Amino acid sequence: MDNHIDFYEALAPGYDALFMFEERLKTESALLKPWVDRFTVTSAVDAACGTGLHAFVLARMGIAVTGVDLSPAMVAKANDHAKKLNLSIPFVTGTIQELHKLVKTRVNAIFCTGNTIPHLTKKSSLVAAFRSFKKCLTPKGGVVLQLLNYRKILKDRDRIVGINRRGKTEFIRFYDLGKRNIRFNMLTITEADKGLSHTLESTTLYPYRSGEVACALKAAGFSDIKLFGSLAMEPYMPKSSDTLVVSARV
């Protein structure tokens, strides 16, 4: 996963605007609370936490949480947010494959959202990450994984992930669909006094389907694997759900 660092270092300055950090900080608890109840969560890890959104939402519920991300720039922004929000949360730089080396005490749950899983382009790396997750969890602890529904994306051959305008900046996310992997591209267009400026960043993803994620979880020792179509626990519809959410227990 280390080869993705440059991609997210470049995205860090505009990340909060693109994913509406301030707005979602006020509303995201409604999505996470049912998962907290499901796993009786008192401690958690926000794995691949970005700038810390879900870590802050969980902390405001009274949960002891640690945030981990491979991008130093993302972790720096998360620490800045923590100071402004007056929340004491440890944020650590590292990969999800080494989570058990970064988290000091076992937790009830690990949240790994935001399409992180496809960045592990080898299935052996995915199993290694899940084994690392398992080492961090208490007995009966759970994981919540969120990724895009690549079965639908590949069926529809839909290359456009999203086009979002934030102030004077437009973010265009799109795919190059390969035979095995997918190239994920972020085109950023910014208006300035001297005209438009453009940047293009790209990274490689593997389009995991539900069965592949479930098999990797089983190989890592997880059970009670459930599929959902969103973090709101909607039913997973392989041909129509935009996202795939997978939960499992130790």
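Here are some notes:
- Qualifying residue in the range 17-34 (condition: in contact with a strand residue (DSSP E or B) (Cβ under 6 Å, 6 or more places away or on another chain), farther than 16 Å from ILE110 by Cβ and of a type outside the set (S, T, N, Q)): yes
- Residues being in contact with a strand residue (DSSP E or B) (Cβ under 6 Å, 6 or more places away or on another chain) and either over 23 Å from SER241 (Cβ atoms) or in contact (Cβ under 8 Å) with a residue 40 or more places away in the chain (or both) - total across the range 153-171: 5
- Test: ASP158 is of a type outside the set (Ser, Thr, Tyr) and at pLDDT 95 or above: no
- Top-ranked residue in the range 198-223 [being in a strand (DSSP E or B) and in contact (Cβ under 8 Å) with a residue 60 or more places away in the chain; ranked as nearest to the chain's Cα centre (by Cα)]: LEU205
- Checked against the criteria, GLU212 counts as more than 19 Å from LEU18 (Cβ to Cβ), acidic (Asp, Glu) and touching a helix residue (DSSP H, G or I) at 6+ places or on another chain (Cβ under 8 Å).
- Only one of ILE89, ILE96 that is buried (at least 18 other Cβ atoms within 10 Å of the Cβ), in contact with a Ser or Thr (Cβ under 8 Å, 6 or more places away or on another chain), over 23 Å from MET20 (Cα atoms) and at pLDDT 95 or above: ILE96
- Whichever residue in the range 173-197 is in a strand (DSSP E or B) and of a type in the set (Asp, Glu) and, among such residues, is modelled with the lowest pLDDT: GLU191
- If you filter the range 227-239 down to residues that are of a type outside the set (Lys, Arg) and exposed (fewer than 12 other Cβ atoms within 10 Å of the Cβ), you find that the one that is farthest from LEU154 (Cα to Cα) is ALA232.
- Residues that are among the polar types (S, T, N, Q) and either surrounded by 14 or more Cβ atoms within 10 Å (Cβ to Cβ) or touching a Cys at 6+ places or on another chain (Cβ under 7 Å) (or both), drawn from the range 203-226: THR203, THR204, SER210
- Qualifying residue in the range 75-85 (condition: in a loop (DSSP other than H, G, I, E, B), in contact with a Gly (Cβ under 8 Å, 6 or more places away or on another chain) and either of a type in the set (Gly, Ala, Ser) or farther than 21 Å from ASP37 by Cα (or both)): no
- Filter result (under 17 Å from ARG60 (Cβ atoms) and of a type in the set (S, T, N, Q)) within the range 80-98: ASN86, SER88
- Boolean, VAL68 is assigned to a strand (DSSP E or B) and β-branched (Val, Ile, Thr): yes
- Residue count, the range 189-232 (criterion: of a type in the set (S, T, N, Q) and within 27 Å of LEU31 (Cβ to Cβ)): 4
- Only a single criterion out of (1) closer than 21 Å to SER247 by Cβ; (2) part of a helix (DSSP H, G or I); (3) among the aliphatic types (A, V, I, L, M); (4) under 17 Å from the mean Cα position of the chain (by Cα) is not satisfied by ALA44, namely (2).
Residue-by-condition table, conditions (1) surrounded by 23 or more Cβ atoms within 10 Å (Cβ to Cβ); (2) assigned by TED's automatic domain parsing to the domain that holds PRO72; (3) assigned to a loop (DSSP other than H, G, I, E, B):
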| position | (1), (2), (3) |
| --- | --- |
| LEU11 | no, yes, no |
| LEU25 | no, yes, no |
| LYS33 | no, yes, no |
| ASP37 | no, yes, no |
| CYS49 | yes, yes, yes |
| ALA55 | yes, yes, no |
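The values are calculated or read from the model by the stated rules, or taken from the named source; none is laboratory data. Nothing here was measured: the structure is a model prediction, and the numbers come from that model. We place every Cβ from the backbone using ideal geometry, glycine too, and count neighbours over all the protein chains shown.
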